[in-house]
Structure formats: C-alpha cells, structure tokens
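Here's the structure, in structure tokens; my notes come after.
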Amino acid sequence: MANRRPPLLLSAAHALNDGYGSFLVALMPLLIDRFGLSLAMAGLLSSVRGTMASFTQPLVGLAADRFGPRWLVLLGPALTCTAMALLGVLPSYTALAVALGLAGLGSAAFHPAAAALAGSAGEGRRGLAVSVFSAGGTIGVAVGPPLIAALVGTFGLGVTPALLLPAWGLVGLLVWRMPRVVRGLREVGLRLHTHPQARQLVRLWTIAVLREFAGMSYITFLSVLWVRRGAGVTTGGLSLTVFALSGALGGVIGGRLSDRFGRRRVIVGALLSSIPFLYLFLITDGVQSMVTLALGGLLLLASNPVSVAFAQEMFPEHRGMVSGLVMGFAWGVGSLLITLVGYLGDLLGLEAALGIVTGLLLPAAVVAAGLREPPGKSEGPAEAGP
C-alpha cells in the first residue's frame with residue numbers, strides 16, 4: 001500500500017511555498033509607493049521571480065533525479081519563505097530584485113522535486129497523490145495574498161519578517177517528518193530525442209502550455225473583467241478565490257478518477273467539458289456567472305496533476321525533470337503569452353479575448369486524444385490494491 005503521509009506533508013509544504021510566493025501580488029502597490037517605482041520597474045520584479053521559478057525547473061528536476069529529491073523539497077520552501085518574508089524591510093530596489101530571484105529559485109527547487117516525491121510515494125494511486133500535492137499549492141495561492149494584505153494593512157510593511165517564524169517552524173517539521181528516500185540513479189542518462197516516449201512528452205507539454213495559457217489568462221484578467229461589468233474590487237477578488245479553490249478541488253477529483261479510468265480519458269474529458277462552462281461565464285452575469293466560473297475552473301484544472309502523473313509514469317527514472325517540464329516550463333511559456341490577451345482585450349473587448357483563449361482548449365483536447373497510456377496502465381477501472 002502507498003504511504004499516504006508524504007503526499008499530505010508535501011501538500012502542506014506546497015501551500016507554504018506558494019502562499020508565501022504569492023505575497024508580491026498584494027505587496028506590489030505598497031512597494032511601488034515606498035520606492036517610487038514605475039509600472040515597468042514593478043513588472044520587472046514580477047518577471048524576475050516568474051522567470052527564475054519556471055524556466056529553471058527542468059534543470060532542477062534533473063538534479064533531483066540524480067541526487068535525490070528530499071534536500072530540494074526542504075531547501076525550496078526555506079529559501080522562498082525567507083526571501084518573501086523580508087520584502088517589507090529590504091532597503092532598495094536591487095535588494096528586492098535579488099530577493100525575488102532567490103524566491104523564484106526556491107520555488108524552482110521545490111516543485112519538480114516535490115512532485116517527483118509525491119508521485120513515488122503514491123504508487124498505485126499516483127493520480128490522487130499528485131493531485132493532493134497540487135491542491136496544496138492552489139490553496140496557498142488563494143490564501144496568501146489576502147493574508148499578507150490583512151497583516152500589512154494592520155501593522156505596516158515592517159511586519160513581514162514576523163512571518164519567518166511560522167515558515168521556519170513548518171520547514172523544521174518537514175525536516176523531522178519527511179521520510180528519507182533512495183538517491184536518484186546517477187548512471188541513468190536522459191536523451192529525450194531518442195526516448196521511446198518522447199512524442200508523448202511533447203504532447204503533454206503542448207497540452208500543459210495551452211491549459212496554462214488559458215488558466216493564467218483568466219487569473220490575470222478576472223478582477224478587471226468584474227470591475228468593467230460594474231462590480232466592486234471585492235467581487236473581483238472573490239472570483240479569483242472561487243476560481244483557485246474550485247481548481248484545487250477539480251485537481252483532486254481528476255487525479256482520483258484518472259487512477260480508476262485512465263489518464264487520457266480524464267484529460268480529454270476535463271478539457272472538453274470546461275469549455276462550455278467558461279463560455280457561459282463570459283456571457284452571463286451575477287450569481288450565474290460566478291457558478292459557471294467555479295465549474296469551469298474545476299474542470300479546467302482537473303487535468304493538471306493528471307498530466308504530471310502521466311509524465312512520471314512515462315519517465316519513471318526521471319520524474320523530477322519531466323515534472324519540471326510539464327509544470328514549471330509550460331507555465332512559463334504560457335505566461336509569456338498573456339500580453340497577447342491584453343492586446344486582444346484592448347482591440348476586441350476582454351470577453352472576446354478570453355473567448356478566443358478558451359477556444360484553444362479544443363485543440364488541446366485533440367492533442368490529448370492522441371496520448372497512449374503508459375505500458376502496464378489500462379484505460380478501464382484500475383485493479384484494487386492490497
């Protein structure tokens with residue numbers, strides 16, 4: 001039977017890492033005022049962290065495969081949380097940029113290593129294990145910004161170092177409770193272009209880019225869309241929380257279903273079924289719009305951890321590296337395309353721009369339909385474990 005403790009510990013670590021990593025969204029207006037930043041300088045800060053957190057993940061994942069993931073799982077949140085908790089007291093713009101770069105490296109260290117460890121700990125229920133891990137990060141992103149906003153709104157920017165204490169406390173708990181794992185196989189080399197599953201990995205990466213592009217487009221412009229509809233900023237923030245938490249729930253459901261009925265079926269079904277609900281969100285308003293947004297987010301993000309589990313099963317000797325490709329690297333490429341959505345929004349209207357992006361989920365589903373289950377995996381109900 002799979003050990004169920006590591007996925008829960010890793011989910012808590014994921015919530016910690018991504019919750020602290022999301023502080024910048026809430027702190028940015030205060031940092032702009034404190035340092036007199038232009039919007040371009042502020043945007044550069046976000047780009048520094050995002051670039052370091054996404055495009056370095058495959059390399060860090062490869063290190064996890066070769067030397068073992070445990071030390072990266074512990075180092076990542078420690079680095080991320082320490083850097084982000086100091087943002088309120090750093091003396092200069094350069095110091096901010098360095099801290100955010102280190103926070104990005106911490107996230108890059110954590111994600112592929114932790115995903116690999118979650119997948120290896122969840123043998124037999126890998127889809128559920130990876131989805132529980134993934135849900136922790138989504139919950140952290142949903143909770144982090146309002147938490148730090150409430151604290152600095154009450155006590156000022158100088159309060160941020162106080163958050164070092166709970167962060168280090170949880171990291172200490174991880175050091176104590178996280179089981180030791182066997183080191184990676186140093187002698188195993190990876191040649192993607194000659195690997196028999198290379199085309200499958202390209203398909204998964206393409207799906208991930210299109211899905212992340214759609215998801216990040218909604219996350220980036222949800223608040224703007226609600227305000228333009230005449231709602232308040234509070235409603236816009238609530239819609240982000242609804243979208244994120246629905247996605248976390250969808251990931252857990254999708255992961256469990258994929259263990260029973262196959263990864264490919266769940267990926268294709270989730271992508272296709274998300275499209276009508278997201279379109280309904282764009283053409284409705286009020287409560288109905290919020291409900292369809294929740295259902296669209298649940299279905300859109302249901303396939304995310306399933307894709308990671310799928311990649312790990314195709315490359316069992318390189319779980320960390322392929323997790324970094326399907327998660328971080330795909331997220332980075334998808335995020336780079338967000339500027340195009342803003343341009344289309346100015347040209348055609350925000351609903352039309354998001355509608356075009358939503359339409360990209362159809363070719364993503366077509367690509368997913370060509371996936372083949374890894375050897376030894378069937379598309380029928382899984383056999384019961386011991």
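The values are calculated or read from the model by the stated rules, or taken from the named source; none is laboratory data. As the structure is a prediction and not an experimental result, all values here were calculated from the model. Neighbour counts are summed over all protein chains in view; Cβ atoms, including those assigned to glycine, are modelled from backbone coordinates with ideal geometry.
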Original post:
Could we say that Asp18 is surrounded by fewer than 15 Cβ atoms within 10 Å (Cβ to Cβ) and either modelled with pLDDT of 75 or more or of a type in the set (Ser, Thr, Tyr) (or both) here?
Top reply: no
**OP:** Would you be able to say whether some residue in the stretch 180-199 is modelled with pLDDT of 85 or more and buried (at least 19 other Cβ atoms within 10 Å of the Cβ)?
**Re:** no
Subject >> Residues that are crowded, with 22+ Cβ neighbours inside 10 Å and modelled with pLDDT under 85, drawn from the stretch 200-224 >> reply: Leu222
**OP:** Within the stretch 86-128, count every residue that is of a type in the set (A, V, I, L, M, F, W, C), free of Cβ contacts under 8 Å to residues at least 12 places away in the same chain and part of a helix (DSSP H, G or I).
**Re:** 2
**OP:** Look through Ser307, Ser274 and report the one residue that is over 22 Å from Val242 (Cβ atoms), of a type in the set (Gly, Ala, Ser), within 22 Å of the chain's Cα centre (by Cα) and in a helix (DSSP H, G or I).
**Re:** Ser307
Original post:
Where residues in the stretch 257-281 are surrounded by fewer than 19 Cβ atoms within 10 Å (Cβ to Cβ) and touching a residue at least 24 places away in the same chain (Cβ under 8 Å), which of them is farthest from Gly119 (Cα to Cα)?
Top reply: Tyr279
**OP:** Go through the stretch 136-154 residue by residue and tally those that are polar (S, T, N, Q) and within 14 Å of the chain's Cα centre (by Cα).
**Re:** 1
Original post:
Where residues in the stretch 151-177 are in contact (Cβ under 8 Å) with a residue 60 or more places away in the chain and of a type in the set (Val, Ile, Thr), which of them is nearest to Asn17 (Cα to Cα)?
Top reply: Val171
